[in-house]
Structures are given as structure tokens and as C-alpha cells.
1. If I take R0 = 35 Å and measure r between the Cβ atoms of Asp139 and Lys299 in this structure, what FRET efficiency does the formula 1/(1 + (r/R0)^6) give, to the nearest 0.05?
2. I'd like to compare 192-203, 15-26: which one has the highest average count of other Cβ atoms within 10 Å, and what's the full order after that?
3. What is the list of residues in the stretch 82-103 whose amide nitrogen lies under 17 Å from a point 7 angstrom out from the Cα of Trp150, following Cα to Cβ?
4. Give me Arg142, Arg214, Arg289 ranked fewest to most by other Cβ atoms within 10 Å of their Cβ, as a rough exposure proxy.
5. Given (i) 33, 28, 21; (ii) 39, 24, 17; (iii) 26, 25, 21, which label gives semi-axes √(5λ) of the Cα gyration tensor in Å as computed from the coordinates?
6. With a cut-off of 8 Å between alpha carbons and a minimum separation of six or more residues, what is the relative contact order of the stretch 219-319 in percent?
7. Given the pairs Lys222/Lys275; Lys136/Lys299; Lys10/Lys309; Lys110/Lys276, which are separated by over 27 angstrom at their Cα positions?
8. What whole number of Å gives the distance from the Cα centroid of the stretch 109-133 to the Cα centroid of the stretch 216-285?
Amino acid sequence: MSNLEEFDPKEHQHLRYNPLRDSWVLVSAHRMKRPWAGQVEKPPEEHIPRYDPHNPLCPGNTRANGEVNPDYDSTFVFPNDFPALQPDAPSPGTDQHPLFQSRSARGVCKVMCFHPWSDVTLPLMKKEEVVKVIDKWADLVRELGATYPWVQIFENKGAMMGCSNPHPHCQDRVVVESSDWLAVVPYWATWPYQTLLLPRRHVLRLTDLTAEERKDLADIMKRLLTKYDNLFEVSFPYSMGWHGAPTGPHLTEDCSHWQLHAHYYPPLLRSATVKKFMVGYEMLALEQRDLTPEQAAEKLRNLPDVHYKTRQHPEEKAK
């Protein structure tokens, strides 16, 4: 029996393979045509004060534990006042039932403020300011990686992604590229505008990046995050994080099969107020997305590199 209708990835559901996780994702791009009558999110706050005397992350303010922040003018790193991991937690022991096993979990949690101003996010920072953030990321990988086997650098941006404080703290689907870096929407991407950020050469860890690669990384991050904000003209929420070779005891091992990369997972789907829901089917059966990765990449790629907040309005140009 012949198939009279030609397959179109934008119209017909299909599965895509994720080789990094050995899993599959369902692509159902035709679902974008359905009318939306579901939950609509509150638009992100666009008028955040540059300095708030009650914000515990601002320079000179007192945090929950009574410590006072220095009057920092660049990146600022301090131990998390409410850490999920502590270095001296007791072990649960070894006398356990096979069905009810637990293991010790020890670690260090730090917070990094990217910039002293609360109303400045990474895409609005100067390139040299972003380089300082990247340098500090590498410093933390070097410092904590001397002891711990894994150092997870991550950032949650926006209340929609669980961020509790507005202060900025941490392939034919190509979106942006440079001489040293490539940002793509993966073939197997799950989130609507998910991207993968990769160095063009084989790099194991953030600490291995050259000074020029760090400068170029700052530039491509600004370009990518500017496109995110420009998509719906809103401070685009996301969770992001770096994956690289393990550290600690693994520093002396052959980790040449690892490749440094960063993931960006933004939840917005249709607008600044309509997000993608990972609910019943996704939690119980299979991850599913509502537009093809190629469509997402094209939308992002075609957006301006100039941030919408800094572009001149037409009426201003006429003056």
C-alpha cells in the first residue's frame, strides 16, 4: 500500500532520537494551530528598580544570615544562605533494606551575582562584563573541582523558572555562530526554543577555554540571549547549565570522550504569557514538543541582534 501523502515534519507527528540521553521525543508541530484557552502566565516585571534596599542580593544590603554584601561593582560570589548541599552532613549509614536505600550527599552551594544592578540581565550587560562572569565560572570549576567530582554551573532566569530574586544571578538548526562557538536548536530538542551552545574545538571543561574563547563566548551569549528576549519582547525566562568533564578524582583520568557544552531550556511557547506544559503525557509516556526544532531555529535566527530595549522607536527616529 503506497503512502499518497508526502511527509512534512511541520504537519505530521514523528519521533526524534536524542543520542545524548538514548531517548526519544515526540514532535507534533500541527498542535500549534489549535486555539489556546488554557493558563496564561503573568507577564514578567519589566520595571525592576536598579537598586532595592530590601533586595538581599544588592550591594551593601544585609542578607538573611545577617552578613552584609560588599559594595561590589562586578561579579560577586558568596556561599548560598539556604544551600541544598552542605559539606559536613552526616552519612545515613550502611544498615539498609535493599528497597529503601539512601546514600550520603555532601557538597557546596554558592551564589553568583552577575552585576550590581538588578535591572541588568546578561544580554544587556557589556561584553567585557560577561567575560568576567565566564572567568568566575571557570574559577569556581577550578576551586570546587579540586575536591568534588562534579561542579554544576547553572542559572534560572525568571519567576517562571523558579527564580526567587530578579537580580541577575546565575543545525540547519543554527541560531548564532562565531569563529569559536555554535548555538543550535538540537534535532531532538524538547522545550520549544531549547538551544545547545558548543565550542567549535574539543574542550573538556570551562577552565580549558582560552582568553579569546571566553571573549567570543561572552559575545555569542549576548547574541543568543538578545534573540531570546526579542522573540516576545520580554525578559525571556530559562534554565541553563554547563556540562563538562567530571572533576575531583577524575582530573587525573582520561576524560577525552567528554565535550563541554551548555543547555538552555526556556519554557515560553506561544507568547510572553503562554508556556509549554510538561504534564500528563510528557511525565507518564514521552516528551513532546509543539513546533519543529527547525521552525524554532528559524524564528530565533531571523530576530535582530540588537536588544528590543535599546532599539530606537520609529517616532524617536523621526525627531
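Taken together, the values in this text are just the output of simple stated rules run on the coordinates, not laboratory data. As the structure is a computational prediction, the values presented were derived from the model and not from experiment. When we count neighbours, we look across all protein chains shown, and the Cβ atoms used for this are built from the backbone with ideal geometry, even at glycine.
1. Details: r = 36 Å, r/R0 = 1.02.
For Asp139 and Lys299, the calculated efficiency is 0.45.
2. Numbers: 192-203: 19.6, 15-26: 13.4.
Peptide ranking by packing, descending: 192-203, 15-26.
3. 84-87, 102-103
4. On the way: Arg142 14, Arg214 20, Arg289 24.
The most exposed by this proxy come first: Arg142, Arg214, Arg289.
5. Answer label, from the structure shown: (i).
6. Working: 78 pairs, mean separation 34.3, N = 101.
After rounding, I find 34 percent.
7. Details: Lys222/Lys275 23 Å; Lys136/Lys299 32 Å; Lys10/Lys309 32 Å; Lys110/Lys276 30 Å.
In this structure, Lys136/Lys299; Lys10/Lys309; Lys110/Lys276 exceed 27 Å between Cα atoms.
8. Here the answer is 17 Å between Cα centres.
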